[in-house]
Amino acid sequence: MKPEHHCDCVILGGGPAGLTAAIYAARAKLSAVILESNITGGLVNSTYSVENFPSYPSIHGMELMRRMRAHVDGLGVPVEEVCAVERLDLAGKVKTAETDEAVYRAPAVILATGRKPVALETPTECDQVHHCAICDGAPYAGKRVLVAGGGNSAFDESLYLLSLGVAHVTLIEVMPRFFAAAAAQEALFASGKAQGHTETRLVDLEVTGDRLTAALLENTATGETWREPVDGVFAFLGQIPNNALFAEQIELTKAGYIPAAVDMATSLPGVFAAGDIVDKPFRQITTAVADGTVAALSAERFLRGR
């Protein structure tokens, strides 16, 4: 038998939204627990420089999340990391989240599961395909890499890779133009160590033994194909919502996001949403923090009303 834990609120997700929800829940004298499938911090951990969070003109994403986590720990909120939720039941007055080690029951749940990177799909798979330059970029110092994606993340991560000593970056975008901020584009291409190709897609990977040796590319406008020697690939193709645990239980948009009300309430009583999983026009650290605040305060009001 797995041990059971009863509390006021279970928070699924330990990114900025979930961590903020925990802070406000604790200050409202609610007993809460964070269940995080990976490590706390979410996608912010992979952000090299955060320059739009109030009070920090510039801070490493992982450092910002470390400080936020320390705040949560200081309030005594339990955090379960690398925690696989095997079953989630949001129906009824008491909700249940069962992990591989325990069962958590609470009358309120905050869904802050965020998003995950879109996977790079190629016929050939290899271990040298990554989605985080901060996590995996260091071993490529002095080597050549391919970056797939033309948005701000792709350009920012490419600049970070160059700062680690990567010898050359080949950046590809399937659309006719890049979408990153002009300043980021100028900075990358002014380095003299990067080349960009629009209307270009990755056809396959060339692997010798267990090592990546080249990327096979195609110009979608002309049909031209070529072999680009690279030692690693970093994909920044956007994100999709992490909704597998509750996709069949609550209302979602066609894109898979939660259409939360202004108080972050979902279609089920006692279930609230926060952060990037919410259907909204802007997804920033500050908007996630705001969502977490509202979700926790709304959960406290809901519980008080019971």
Exercise for review: Please report, in whole Å, how far the alpha carbons of region 209-306 spread along each principal axis, starting with the longest.
Suggested key: 64, 27, 24
Study note, to complete from the structure: Residues whose built amide H sits under 5 Å from the amide H of THR220, excluding neighbours closer than 5 in sequence, are THR200, ARG201
Point to revise | ASP263, ASP210, ASP156, ASP8 arranged by Cβ crowding within 10 Å, fewest neighbours leading | key: ASP210, ASP263, ASP8, ASP156
Check your understanding: Which of the residue pairs LYS116/LYS143; LYS29/LYS254; LYS193/LYS254 have a Cα-Cα distance greater than 30 Å in the structure shown?
Key -> LYS29/LYS254; LYS193/LYS254
Study note, to complete from the structure: Within the under-14-Å Cβ sphere about ILE258, not counting ILE258, Lys/Arg +1 and Asp/Glu -1 give a net charge of -2
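Take each uninterrupted DSSP H stretch in the chain, measure its Cα extent along the helix axis, and return the ones at 27 Å or beyond whose mean Kyte-Doolittle hydropathy is at least -1.0.
Helices meeting the criterion: 285-305.
What does the charge add up to near GLU80, with Lys and Arg as +1, Asp and Glu as -1, over the other residues with Cβ less than 9 Å from its Cβ?
After counting each charged neighbour, the total is -3.
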**Study point:** Residues whose placed amide H lies under 5 Å from that of VAL278, excluding near-sequence neighbours
**Key:** ILE258
Check your understanding: For the chain, what percent of Cα pairs sit more than 24 Å apart?
Key -> 56 percent
Exercise for review: Using only Cα atoms, locate the centre of region 205-224 and the centre of region 92-124, then give the distance between them in Å, rounded to an integer.
Suggested key: 36 Å
Review point. From the square roots a ≥ b ≥ c of the eigenvalues of the alpha-carbon gyration tensor of region 129-235, which class results: rounded (a/c under 1.5), prolate (a/b over b/c), or oblate?
Key: oblate
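For region 151-217, which GluC sites (Glu not before Pro) pass both filters: DSSP loop (anything but H, G, I, E, B) and at most 15 other C-beta atoms within 10 Å?
Qualifying residues, ordered by number: GLU199.
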**Study point:** Amide H contacts of VAL166 (H built 1.01 Å from N, under 5 Å, at least 5 apart or other chain)
**Key:** GLY142
Review point. By the scheme Lys and Arg +1, Asp and Glu -1, what is the net charge of all other residues having a beta-carbon under 12 Å from that of THR220?
Key: -3
Review point. In whole Hz, what ³J(HN,Hα) sequence does region 110-120 give by Karplus (6.51, -1.76, 1.60; θ = phi - 60°), x for Gly and Pro?
Key: 10, 8, 10, 7, x, 10, 10, x, 5, 6, 7
Exercise for review: Please report, largest first and rounded to whole Å, the three semi-axes of the ellipsoid equivalent to region 72-158, where each semi-axis is the square root of five times an eigenvalue of the C-alpha gyration tensor.
Suggested key: 37, 17, 14
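Bear in mind that the values in this text are calculations on the coordinates, not laboratory data. Everything numeric in this text was worked out from a predicted model, so none of it was measured. Because the Cβ atoms are built from the backbone with ideal geometry, glycine has one as well, and the counts that use them run over all protein chains shown.
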